[in-house]
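Asker: Starting off with a structure, shown below.
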Amino acid sequence: FIGFYTKSIRTAFCEAAQDCGCTGFLMPGKPAVAAVEGTRKAIDEFLKITRTDLFARVPAASRKMKLTHCDDNITSRSFEGFQELCLYTSDTSSQAHKRKDMSDLGLLKTFLDSKNLSSAFDLLFSTSS
């Protein structure tokens, strides 16, 4: 996924999701992660807007987006609205990565666990429980 380093792109992404009636979150950084909930029609419209309009403003080399999982049997949503979720690592040890935009996957896992979505982390990062 693109890193979503530009605030205007992050804002446009979140607004497009809301405008299409989707809920979820965008976690910018390295890696960037988005979870999108909605009807199949709403998600398809959101993906169309994202891939054609929004990503047209992103350099071609950065236009990477992978649909990891799509579940058509959702009976209730886990998120209210669509939010930007900044979970950057705060590790300042000498072993820490020098980039300031590294996402803290431990914090993402904790966030998903709090929403009863532990399996989503495993789907995204191909881990086993």
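The values are calculated or read from the model by the stated rules, or taken from the named source; none is laboratory data. What you see is a predicted model; the values in this text were computed from it and never measured. A quick note on method: Cβ atoms are made from the backbone with ideal geometry, for glycine too, and the neighbour counts reach across all protein chains shown. Calculation scope for accessible area: heavy atoms of the full protein, side chains included, ligands and nucleic acids excluded. Shrake-Rupley method; radii C 1.70, N 1.55, O 1.52, S 1.80 Å.
Asker: Would you be able to tell me the number of residues in the stretch 16-36 that are of a type outside the set (F, W, Y) and touching a residue at least 60 places away in the same chain (Cβ under 8 Å)?
Answerer: 11
Asker: State the number of residues belonging to the stretch 37-59 that are closer than 22 Å to K109 by Cβ and either surrounded by fewer than 19 Cβ atoms within 10 Å (Cβ to Cβ) or free of Cβ contacts under 8 Å to residues at least 40 places away in the same chain (or both).
Answerer: Looking only at that region, the number is 0.
Asker: Next question. Within the stretch 19-31, restricting attention to residues that are open to solvent by 10 Å² or more (accessible area, probe 1.4 Å) and under 21 Å from L108 (Cβ atoms), which residue is modelled with the highest pLDDT?
Answerer: Within the stretch 19-31, the match that is modelled with the highest pLDDT is T23.
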